[in-house]
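Trainee: Got a structure for you, written out below as structure tokens; questions coming shortly.
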Amino acid sequence: QVQLVESGGGLVQPGGSLRLSCAASGLDFTINTMGWYRQAPGKQRELVAAIPRRGSPNYADSVKGRFTISRDNARNTVYLQMLSLKPEDTAVFYCNTYPPIGRYWGQGTQVTVSS
């Protein structure tokens with residue numbers, strides 16, 4: 001059974017930073033492209049960043065230069081370092097494979113950017 005557990009969210013002021021983690025179990029982590037997604041209130045879930053097993057990651061235009069995705073294959077963990085956070089980054093953040101598999105969605109971690 002695949003389990004993806006996100007952590008690291010919280011309340012942060014504009015301009016602040018957070019580092020999200022996603023621990024994966026039950027899947028062959030090393031062969032999958034992994035992604036971070038987010039869903040803001042009233043909006044559809046969107047891809048934020050994706051990182052292949054090998055090669056360069058890709059980012060949504062809205063986060064380029066501020067967010068960095070990375071992975072530790074030995075720990076089956078994918079990270080999202082978020083800098084210069086803006087109020088419009090407020091959302092529930094999820095990890096999943098890319099493309100995503102519906103039954104893999106976890107609970108996500110809430111990120112709130114507010115003063």
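Trainee: Give segment 37-61 a look and list any residue that's touching a helix residue (DSSP H, G or I) at 6+ places or on another chain (Cβ under 9 Å) and open to solvent by 60 Å² or more (accessible area, probe 1.4 Å), or say none.
Mentor: ARG53
Trainee: Output the number of the condition that LEU27 fails; it satisfies all remaining conditions of (1) in contact with a strand residue (DSSP E or B) (Cβ under 6 Å, 6 or more places away or on another chain); (2) in contact (Cβ under 8 Å) with a residue 60 or more places away in the chain.
Mentor: If we test LEU27 against (1) in contact with a strand residue (DSSP E or B) (Cβ under 6 Å, 6 or more places away or on another chain); (2) in contact (Cβ under 8 Å) with a residue 60 or more places away in the chain, just (1) comes out false.
Trainee: Please find, among ARG45, ARG75, ARG53, ARG71, the residue that is of a type in the set (Lys, Arg), touching a residue at least 12 places away in the same chain (Cβ under 8 Å) and over 18 Å from ILE101 (Cβ atoms).
Mentor: The match here is ARG75.
Trainee: Inside segment 25-36, can you point out the residues that are at negative phi and either at pLDDT 95 or above or open to solvent by 10 Å² or more (accessible area, probe 1.4 Å) (or both)?
Mentor: SER25, LEU27, ASP28, THR30, ILE31, ASN32, THR33, MET34, GLY35, TRP36
Trainee: Follow-up. Which members of segment 1-24 meet the condition of being assigned to a loop (DSSP other than H, G, I, E, B), open to solvent by 60 Å² or more (accessible area, probe 1.4 Å) and farther than 14 Å from MET82 by Cα?
Mentor: GLN1
Trainee: Of the residues that sit in segment 93-102 and are within 13 Å of the chain's Cα centre (by Cα) and open to solvent by 50 Å² or more (accessible area, probe 1.4 Å), which one is farthest from ALA50 (Cα to Cα)?
Mentor: Taking segment 93-102 as the starting set, the residues that turn out to be within 13 Å of the chain's Cα centre (by Cα) are 93-98, 100.
After this cut, where a residue has to be open to solvent by 50 Å² or more (accessible area, probe 1.4 Å) as well, the list is 98, 100.
On the way: TYR98: 7, PRO100: 11 Å.
Among residues in segment 93-102 that are within 13 Å of the chain's Cα centre (by Cα) and open to solvent by 50 Å² or more (accessible area, probe 1.4 Å), the one farthest from ALA50 (Cα to Cα) is PRO100.
Trainee: For segment 74-92: of the residues being surrounded by fewer than 13 Cβ atoms within 10 Å (Cβ to Cβ) and either aromatic (Phe, Trp, Tyr) or modelled with pLDDT under 95 (or both), which is farthest from the chain's Cα centre (by Cα)?
Mentor: Only one residue fits best here, namely ALA74.
Trainee: Could you count how many residues in segment 98-115 are among the β-branched types (Val, Ile, Thr) and either at positive phi or assigned to a loop (DSSP other than H, G, I, E, B) (or both)?
Mentor: Number satisfying all stated conditions: 1.
The values are calculated or read from the model by the stated rules, or taken from the named source; none is laboratory data. What you are looking at is a predicted structure, and each value in this text was computed from that prediction instead of being measured. Neighbour counts run over all protein chains shown; Cβ positions are idealised from the backbone, glycine included. Just so you know, the surface numbers come from the protein's heavy atoms only, side chains and all, with ligands and any DNA or RNA stripped out. Shrake-Rupley method; radii C 1.70, N 1.55, O 1.52, S 1.80 Å.
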